[in-house]
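The values are calculated or read from the model by the stated rules, or taken from the named source; none is laboratory data. As the structure is a prediction and not an experimental result, all values here were calculated from the model. Here the Cβ positions follow ideal geometry from the backbone for every residue, glycine too, while neighbour counts run over all protein chains shown.
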Amino acid sequence: MNLPLPELPEELRFEVAGAVATITLNRPAKLNTMTPAMGKALVELVYYVNNTSDVRVVVLTGTGTKAFSAGSDIKVLDDYGSNWELRNRVDYARVLWQIRKPMIAKIRGYCIGGGLEMALMCDIRYSTPDARFGAGEIKLGWHGGAGNTQLLPRHMSTGKALEMLLTGDMISATEAEKTGLVDRICEETELDAKVADLAHRIASNAPIASELAKHLVRISMSTSPDVGLMYENDTFSYCFTTEDSKEGRAAFVEKRAPQFKGR
Amino acid sequence: MVVGNPGNVRFERHGNTAHLILDRPEKINAMTVVMDKQMNSYIYEINNNMDIRSVVLYGKGEKGFCAGSDLTELDEYGNNWEYRNRFDRGLDYARAIWLIKKPTVASLHGWCIGGGLEMACASDIRVASPDTKFQAGEIRWGWHGGSGQTQLLTHAVGPGNASLFLLNGEVVEADAALRMGLVQEVVPREQVLDRAIAIAESIAAKAPIAAQMTKHMVRMAQSMPLEVALLYENDSFSYCMTTEDAAEGQKAFQEKRPPNFQGR
């Protein structure tokens, strides 16, 4: 199934190359900060990406080298409405969590606040050496509301996560790689090629198996190992009902590259 | 006031209560793909309109509340993987009910089976007439329900009763459903809808933030470890106490008058 592309504001770019879609946060003069309108448009994009079989992998990045994203534009926070309406907002980071397909964050410059939350919603994070990561909300009088307190401790020790969350201080790409927050540091001139290579290699695998692998890793974060292991075995069995698993076996026997169709 | 498109699923607003009406009585309100889309389209309005504070869900016609999915057109959901991913396409009518943030009361009569039972279980409070017949009969056709049947029913009636429903696939009568706790009240057929509406309107008169938080915390009681949920409850309670409505409630109590809640 493929859908018509939704209309997008200038601040959000979307391109598809092969089976890899790239979502670009495009507000470089404002460190790619997010407005409520961008959040709403992201919802449309997530629906499109999930339900368009030509898209198998998503890359999330920001325009320019100054920032991946600095999170919410604090100056337009009031646009969300009352406190209760803010609580019930369409959250630009949370909505990325709904993407079923593998998603890679390509990070340059500041990756802070809600920007860090968006990066945390991705499955794999690559950055340049000059990227900087921080959860600075605490300096303003609150903590992150879409993942920083819940997902940061999954990529570093609880002590390190609390150091970031309670001081609001930024860490370097080197430190982020050491904790596992960043999966690979690439030189500025190589980042685009490395991310594209990773994305296309993932996209060449069987889409149903890839989506289920992502799903099962999520499940491992939210259930006990016993339940997770049982769930894993049932989706493994489901994979073997797909045409792609038959193609994979045939290609293996015939010593050729498999052609996966997502069925 | 009436809004929304006329069709097989209808959406009406009466004061601060939304009515979701299954209106395909000749087919026991069996859900088609078109009805599924309609149902999902109403949920956004219900969740995002501050003036809607509670919901009543019911089915038209003598035969029953809902017979579930129209099995003659399941193929329209696409291939197996696409059908599995219907949640992400806004194409699961029971999931749609589950996603309603406002307290939801189901008025049940006659057949309440398959996906109909899933919609009932996804509601917060269930009122039934004595002639209501409940059934999770999917097992007879070679599958089990996929939109909450094995999970929500088990939470509602416990594992033994749920297994009887799910593995036997037989009809359960209203009095047995009441005994199991699947329905909260059984009232005469001609009164059941009025009773459901009365409950929903009573909820709509409460402070909306506190009512929604209460629904949320009851959900959390079913999905969180108790120690965490108790801590969460206390933070949610503290949040409620910061609202204007909580101040109004305290003032009204002291002044011995009914409170006037604004949802702030």
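Based on this model, can you work out whether A:Thr128 counts as over 22 Å from A:Leu60 (Cα atoms) and of a type in the set (S, T, N, Q)? Please lay out each step first, then the result.
Working: over 22 Å from A:Leu60 (Cα atoms): no; of a type in the set (S, T, N, Q): yes.
Judged against the criteria, A:Thr128 is not a match.
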ask   = Going through the stretch B:55-84 one residue at a time, which ones are within 11 Å of another protein chain (Cβ to nearest Cβ) and either modelled with pLDDT of 95 or more or touching a Pro at 6+ places or on another chain (Cβ under 9 Å) (or both)?
value = B:Trp81
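Among the residues of the stretch A:42-52, is any in contact with a Gly (Cβ under 7 Å, 6 or more places away or on another chain) and among the β-branched types (Val, Ile, Thr)?
No: zero hits.
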ask   = Looking at (1) over 16 Å from the mean Cα position of the chain (by Cα); (2) over 30 Å from A:Gln259 (Cβ atoms), can you tell me which one A:Leu151 breaks?
value = (1)
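I need the full set of residues from the stretch B:19-43 which are part of a strand (DSSP E or B) and farther than 15 Å from B:Trp98 by Cα, in order please. Walk me through it before giving the result.
Step one: list which residues in the stretch B:19-43 are part of a strand (DSSP E or B), which gives B:19-22, B:31.
Across the stretch B:19-43, the qualifying residues are B:His19, B:Ile21, B:Leu22, B:Met31.
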task = Kindly establish whether B:Arg189 is surrounded by fewer than 19 Cβ atoms within 10 Å (Cβ to Cβ), of a type in the set (Lys, Arg) and modelled with pLDDT of 95 or more.
result = yes
task = Identify all residues within the stretch B:228-249 that are in contact with a helix residue (DSSP H, G or I) (Cβ under 9 Å, 6 or more places away or on another chain) and among the polar types (S, T, N, Q); write none if there are none.
result = B:Ser236, B:Thr242, B:Thr243
note = The residue that is farthest from the other protein chains (Cβ to nearest Cβ), considering only those in the stretch A:214-248 that are in a helix (DSSP H, G or I) and of a type in the set (Val, Ile, Thr), is A:Val217
key: Of residues in the stretch A:77-109 being at pLDDT 95 or above and among the β-branched types (Val, Ile, Thr), the one surrounded by the fewest Cβ atoms within 10 Å (Cβ to Cβ)   = A:Val95
A:Asp78 vs. criteria in the same structural domain as A:Ser172 (by TED's automatic domain parsing), in contact with a strand residue (DSSP E or B) (Cβ under 8 Å, 6 or more places away or on another chain) and not basic (Lys, Arg) = no
remark   = The one condition A:Asn83 fails out of (1) touching a residue at least 40 places away in the same chain (Cβ under 8 Å); (2) within 12 Å of chain B (Cβ to nearest Cβ) is (1)
message = Against the definition (outside the structural domain of A:Arg100 (by TED's automatic domain parsing), closer than 21 Å to B:Glu82 by Cβ and not basic (Lys, Arg)), how does A:Ser220 come out, yes or no?
response = no
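Tell me the residue from B:Ile46, B:Ile52 that is part of a loop (DSSP other than H, G, I, E, B), modelled with pLDDT of 95 or more and on the phi < 0 side of the Ramachandran plot, please.
Details: B:Ile46 fails: part of a loop (DSSP other than H, G, I, E, B).
So the residue among B:Ile46, B:Ile52 that is part of a loop (DSSP other than H, G, I, E, B), modelled with pLDDT of 95 or more and on the phi < 0 side of the Ramachandran plot is B:Ile52.
Test B:Ile46 against the stated conditions and say whether it is within 19 Å of the chain's Cα centre (by Cα) and within 13 Å of chain A (Cβ to nearest Cβ). Give the steps one after another, and end with the answer.
Numbers: within 19 Å of the chain's Cα centre (by Cα): yes; within 13 Å of chain A (Cβ to nearest Cβ): yes.
So B:Ile46 fits the description; yes.
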key: Count of the stretch B:112-126 residues which are within 8 Å of the chain's Cα centre (by Cα), of a type in the set (A, V, I, L, M) and surrounded by 24 or more Cβ atoms within 10 Å (Cβ to Cβ)   = 2
ask   = So how many residues does the stretch A:15-57 have that are away from chain B (no Cβ under 14 Å) and β-branched (Val, Ile, Thr)?
value = 8
task = Might you let me know whether the stretch B:198-214 holds any residue that is of a type in the set (S, T, N, Q), more than 16 Å from the chain's Cα centre (by Cα), assigned to a helix (DSSP H, G or I) and modelled with pLDDT under 95?
result = no
